[in-house]
Amino acid sequence: MNQRNTAFKILYDIIIKKGYSNIVLNKYLNNNELRDIDKSFIKEIVFGTIERKQTLDQIIDHCSSKGSKKIDNKILIILEMGLYQIIYMDKVPQYAAISEAVNLAKEYAGIHASKFVNAVLRNYARNSAKIDILRSDKNVVEYLAFKYSYPEWIVKRLLNNYDKAATEDILKSLNEKPQISIRLNTLKIGSKDFEKILIDKGLNFKKGSYVDDAYYIDLKNIAGDEIYKNGFMQIQDEGAMIISKVLSPNPDDLIIDVCSAPGGKTTHISQLMNNKGKVIAFDIHEHKIDLIRMNCKRLGVNNVDAYVFDSTKINEKYIEKADKVLADVPCTGIGIIRKKPDIKLKNYTDEDIKKLNNIQYNILSSSSKYVKKGGYILYSTCTIGREENMNIIDRFLGENKNFEISDIRPLLPDKLASQVDNKGYLQLLPNINNTDGFFICKLKRNN
Ligand SMILES: C[S@@+](CC[C@H](N)C(=O)[O-])C[C@H]1O[C@@H](n2cnc3c(N)ncnc32)[C@H](O)[C@@H]1O
C-alpha cells in the first residue's frame, strides 16, 4: 500500500474515529514491512496535517466553493493532507501532492470527489500568493489561531496568562519537533557503561540540561532498540523527570502515585528509592495498569503495587500513611502538544474545563488525606495556565489550612530554581526550558 494511502487511513482513525495518535500509528506502522524512510514520510504527513489543521481548513474555505465544515470527512482529510504537502513539505513536488490526492479521492469517494479535490488544490496552487488570509481584519485570537494553527481555546488560554509576545513564543515552540529524551535506568546500568554502549553503537547523544540521568539520543526507533527492551532506559521528557526529583523520595518512604499510568514517574520514583520502600500506584483505567506493570517489569522495578482506583475518591486503607503523594492529574495537555499534536483536535468548552477542574481538585483533595503529618503532596500537570494549576492550588489551600506551599528551590538546579515564582509555583515551558510544559507545586502538611 502506498504511503499516502496509509497516512490517510491513520488520519481518518485519529480525526474521525477519535483514536489516540500513538496507538493508531503503532497499529499501522509496526505490523508491516514499511521501510524507515516510508514510516518517517507517513508520520510527517500525519503529524503535520494534524498540527496545521486549523490553518489548512481556513485555506480550504478560501479555495473551495464549499466551506471546510460542509465537505465530506474523507474528502476534507485528503484535501488537508494534499495542502499540507504543498505548503509545508519542500521536498514533495506540487504535481505529486495533487495527483496523489486526486487518486486517493477517486479510491475513497469516487470520480466526482476526485474532480473537486483537483479543483481545490489547483486553485490554491494557482493563487497561493493572493491568499493572504492574515491580512483580513482578524482579532488577535483569530490571527494567532490561524498563523500558528491552534484552536481558539488554546490561544485564549495562553493570552489569559501571558502577553501577546510570550503567547506567540509558546505557540511557535509547541509546533516544533522535540528532541526525544530518555531517562537512564540506574537500577540496571551505570552512566559509564550506558555511554559506552551508545558510543559502540555509533549513536550521537548529549546529556540533559537539568537532570543527571537524562539523555538526548539520536535514535529513530528507541522503543525497538535492544537498550530499551533490556530496560536500560525509559522514554521520558526531561521536564517529567524534574517532577519525581522534586518529590524527593527516600528509600524507606511509602509513596502513593495516584494517577500513575503508564508509570513514567512511578518507575522514576522507584529508581530514586533504589527499589526500596514501597510505591502504591493507582490509575482509573484497568488496561493502563498493565502498562505500569509492564514498564516495572522491563525496568527491573519491584517495589511498586499497582491497582485500579478512582482517585477522586478516598482509599481508606491509606489515610495518613504516605510520606509523599504524587498527584499528576489528568489535564488538557497543552504543554505536550509537541509530542501529541492531536490535542489540537480537541475542542474544550468552558463547561468541559470546569468539569476537568473539578476532577483535578477532587483528586488533589482526596489524595491529600493520605499524607502523614509532616509529609508532602506534589500536584503536577502537563498543561499551561493558572486555570488548571494555580487556581486548583489556591482553592485547595483555602480549604486546607494545615497545608502550605513548600519551597522547592533547594531541590532544583540553579537555572530552574530562579524560575520558581514568588508563590512557589514552577511552570516549565518549551520555549524557555526546551522541555514539555509541566506545572509543579509541592505542598507540605503541617499538622
Ligand atoms: C498525566 S497522566 C499520568 C502520567 C503518569 N504519571 C506518568 O508519569 O506516566 C494522568 C493519568 O491519570 C489517569 N486518571 C484520570 N482520571 C483518574 C482518576 N479519577 N483516578 C485515577 N487516575 C485517573 C489517566 O488514566 C492517566 O493515566
ILE111 passes all but one of (1) of a type outside the set (Lys, Arg); (2) surrounded by fewer than 20 Cβ atoms within 10 Å (Cβ to Cβ); (3) modelled with pLDDT under 95; which number fails? (3)
Quick check: is even one residue across the stretch 379-393 within 16 Å of the ligand (Cβ to nearest atom), modelled with pLDDT under 95 and closer than 14 Å to PHE438 by Cα? no
Quick one: in the stretch 33-71, which of the residues that are in a helix (DSSP H, G or I) and of a type in the set (S, T, N, Q) is nearest to ASN2 (Cα to Cα)? SER40
On the given criteria, is ILE353 within 13 Å of the ligand (Cβ to nearest atom), under 23 Å from ASN175 (Cβ atoms) and among the aliphatic types (A, V, I, L, M)? no
Per the list (1) away from the ligand (no atom under 16 Å from the Cβ); (2) outside any loop (DSSP other than H, G, I, E, B); (3) touching a residue at least 24 places away in the same chain (Cβ under 8 Å), residue check on GLY398 breaks on (3)
Kindly list, by first and then second residue, each pair from a residue in the stretch 329-342 that is within 13 Å of the ligand (Cβ to nearest atom) to a residue that is among the small types (Gly, Ala, Ser), limited to pairs with Cβ atoms under 6 Å and residues at least 6 apart or on different chains. GLY335/GLY437
From the list SER99, SER65, SER114, which residue is among the hydroxyl-bearing types (Ser, Thr, Tyr) and under 24 Å from SER149 (Cα atoms)? SER65
In the stretch 33-60, the residues that are within 20 Å of ASN103 (Cβ to Cβ), more than 19 Å from the chain's Cα centre (by Cα) and open to solvent by 40 Å² or more (accessible area, probe 1.4 Å): PHE41
Looking at the stretch 309-321, I want the residues that are outside the structural domain of LYS355 (by TED's automatic domain parsing) and have a partner that is part of a loop (DSSP other than H, G, I, E, B) and basic (Lys, Arg) with Cβ atoms under 8 Å, at least 6 apart or on another chain. Which pairs are those? none
Residues that are assigned to a loop (DSSP other than H, G, I, E, B) and within 16 Å of the ligand (Cβ to nearest atom), drawn from the stretch 309-328: PHE309, ASP310, SER311, THR312, LYS313, ILE314, ASN315
Name every residue in the stretch 331-363 that is outside any loop (DSSP other than H, G, I, E, B), farther than 17 Å from CYS259 by Cβ and among the β-branched types (Val, Ile, Thr), in order of residue number. ILE334, ILE343, ILE353
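The values are calculated or read from the model by the stated rules, or taken from the named source; none is laboratory data. Fair warning: this is a prediction, and the values are worked out from it, not measured in the lab. We place every Cβ from the backbone using ideal geometry, glycine too, and count neighbours over all the protein chains shown. Side chains are part of the model used for accessible areas, which takes the heavy atoms of the whole protein and leaves out ligands, DNA and RNA. Shrake-Rupley method; radii C 1.70, N 1.55, O 1.52, S 1.80 Å.
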